[in-house]
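Novice: Handing you this structure, nothing more for now.
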Amino acid sequence: MKKLTIAIDGHASTGKSSIAKKIAIKYGYIYINSGSMYRAVTLFAIENKLLGELNDNIDLFIEKLHAAFINFRFNENNLISEIFLNGRNVEKEISSLEISNYVSKVAAIPEIRKEMVKLQRNIDRKKGVVMDGRDIGSVVFPDADIKLFLTASDTVRANRRFEEMINNGLSVSYDDILNNIRIRDSLDSSRTDSPLIIENDAVVIDNSNMSINEQIKQIILLIDKKIVN
Ligand code: CDP
């Protein structure tokens, strides 16, 4: 059976990673959350007090970043590839609002995007890949077999992210989350390098009023049609 490359792009907090994980598990594909890579770079910059270098000396920052090691390891318990920074599992830390407040500025820097795209393209696509992000269908894998673009109203998204963070024991305010989502959408869509755009051949899913299962059903139909063709 044909193994596909599936690109899932879209606005902030549209549930891309939840859907990508379920699809990857169903088809036995590799799942990569490219946003977590930009978040890990942001964590690296904050922890090593390198936010200044990001603005003033990007060459020095990239040199230091080369000495760092960002990779994914498959967790047998939850069947998910988790992100590691210098050998440390940073899945939890990168989901904080502090990282969310910096990440879009870090991700707008062309030199950083070049490094991340290199890592993303290193993945062995023969086994089938689901990758979610902002530029997967447009820049990373323009030849993807299926391109999805997820969106939803910003208040619905803020509500979902708020509940998710509260359930994870984080203390956050709904207004701060809504604000962060709006700012990230605007920065991600307006940057010069690899902005968030809807590709002509992308299937747009507005999931404001859809359950995850409804979305999965729709996506499975698209995949199954491609696998047999
Ligand atoms: O919060 P959400 O899961 O929607 O975002 P994310 O996928 O974790 O991505 C965090 C941020 O990384 C985005 O707001 C973008 O600024 C950046 N990003 C990017 O520029 N390109 C990607 N392929 C993925 C993420």
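The values are calculated or read from the model by the stated rules, or taken from the named source; none is laboratory data. For clarity, every value in this text was computed on a predicted model and none was experimentally measured. For neighbour counting, all protein chains shown are included, and Cβ atoms are generated from backbone atoms with ideal geometry for every residue, glycine included. Note: accessible area is taken over every heavy atom of the protein model, side chains too, but ligands, DNA and RNA are not part of it. Shrake-Rupley method; radii C 1.70, N 1.55, O 1.52, S 1.80 Å.
Novice: Treating the angle as unsigned and between 0 and 90°, give the value, to the nearest 10°, between the Cα long axis of helix 58-67 and the longest Cα principal axis of the chain.
Specialist: The answer is roughly 70 degrees.
Novice: Then there's this: What is the sum of charges, Lys and Arg at +1 and Asp and Glu at -1, for the other residues whose Cβ falls under 13 Å from the Cβ of residue 116? Display every interim value, and only then the final one.
Specialist: Details: positive: 39, 113, 114, 118, 121, 134; negative: 111, 115, 135, 193.
Here the charged neighbours net out to +2.
Novice: Heavy atoms of the protein only, probe of 1.4 Å, neighbouring chains included. What is the accessible area of residue 155 in Å², nearest 10?
Specialist: Approximately 60 Å² for this residue.
Novice: For residue 2, list the aspartates and glutamates whose Cα falls under 19 Å from its own Cα; do not include residues on the same chain fewer than 8 positions away.
Specialist: 124, 143, 145, 224
Novice: Please work out whether segment 99-162 counts as rounded, prolate or oblate from its C-alpha gyration tensor, where a ≥ b ≥ c are the square roots of the eigenvalues and a/c under 1.5 means rounded, while otherwise a/b larger than b/c means prolate and anything else oblate?
Specialist: Values: a/c = 2.37, a/b = 1.32, b/c = 1.79.
Since a/c reaches 1.5 but b/c is at least a/b, the shape of segment 99-162 is classed as oblate.
Novice: Positive end of the dipole of segment 83-167, charges at C-beta (+1 Lys, Arg; -1 Asp, Glu), about the Cα centre: which of 152, 139, 166 has its Cα farthest in that direction?
Specialist: So the residue we want is 139.
Novice: Which value in deg cm²/dmol, rounded to the nearest 500, describes the helix-derived mean residue ellipticity at 222 nm for the chain, given -39,500 (n - 2.57) per DSSP H run of n ≥ 4 and division by the residue count?
Specialist: Working: 9 runs with 113 residues, N = 229.
Here the helix-only value at 222 nm equals -15500 deg cm²/dmol.
Novice: Taking the Cα centre of the chain as the origin and placing charges on Cβ (Lys, Arg +1; Asp, Glu -1), which of 58, 181, 23 is farthest toward the positive end of the dipole?
Specialist: Farthest along the dipole direction, towards plus: 23.
Novice: Same structure again: For segment 102-126 and segment 152-228, what is the separation of their C-alpha centers, rounded to whole Å?
Specialist: If we compute the Cα centre of each part, the gap is 20 Å.
Novice: Classify segment 39-135: rounded, prolate or oblate, from the alpha-carbon gyration tensor (a ≥ b ≥ c, eigenvalue square roots; a/c under 1.5 rounded; otherwise prolate if a/b is larger than b/c)? Walk me through the numbers on the way to the answer.
Specialist: Details: a/c = 1.83, a/b = 1.46, b/c = 1.26.
It is prolate, given that a/c is not under 1.5 and a/b is the larger ratio.
Novice: Ok, one more. Taking the dipole about the Cα centre of segment 5-221, with the C-beta of Lys and Arg at +1 and of Asp and Glu at -1, give me whichever of 12, 215, 102 is farthest to the positive side.
Specialist: Sorting the options by dipole projection puts first 215.
Novice: Taking the Cα atoms only, what angle lies between the long axis of helix 212-228 and the longest principal axis of the chain, rounded to 10 degrees?
Specialist: 70 degrees
Novice: Shifting gears a bit: What three numbers, in Å, describe the spread of the alpha carbons of the chain along their principal axes, ordered from the longest?
Specialist: Principal axes ranked by extent give 50, 38, 38 Å for the Cα atoms.
Novice: A further question on this structure: Let me spell out the model: positive unit charges on the Cβ of Lys and Arg, negative unit charges on the Cβ of Asp and Glu, origin at the Cα centre of segment 47-105. What dipole size does that give, in debye rounded to 20?
Specialist: 80 debye
Novice: Let me ask another. Once R0 is set to 41 Å, what does the formula 1/(1 + (r/R0)^6) return for the Cβ-Cβ distance between residue 101 and residue 77, expressed as a FRET efficiency to the nearest 0.05? Please report the intermediate quantities before stating the final value.
Specialist: Working: r = 30 Å, r/R0 = 0.74.
Efficiency computed from Cβ-Cβ geometry: 0.85.
Novice: Further question: Counting Lys and Arg as +1 and Asp and Glu as -1, each charge on the Cβ, what is the dipole of the chain about the Cα centre in debye, to the nearest 20? Please list the in-between numbers first.
Specialist: Working: 31 positive and 31 negative charges, 169 e Å.
Here the chain has a charge dipole of around 820 debye.
Novice: Cα to Cα, under 13 Å, and not fewer than 8 places away if on the same chain: which aspartates and glutamates meet these conditions relative to residue 21?
Specialist: Leaving aside aspartates and glutamates fewer than 8 places away in the same chain, those within reach of residue 21 are 82, 132.
Novice: Shifting gears a bit: Roll a 1.4 Å probe over the protein heavy atoms and report the accessible area of residue 31 in Å², nearest 10.
Specialist: Per-residue accessible area (residue 31): approximately 20 Å².
Novice: Output the 0 to 90 degree angle, nearest 10, between the alpha-carbon long axis of helix 154-167 and the longest principal axis computed from the alpha carbons of the chain.
Specialist: 70 degrees
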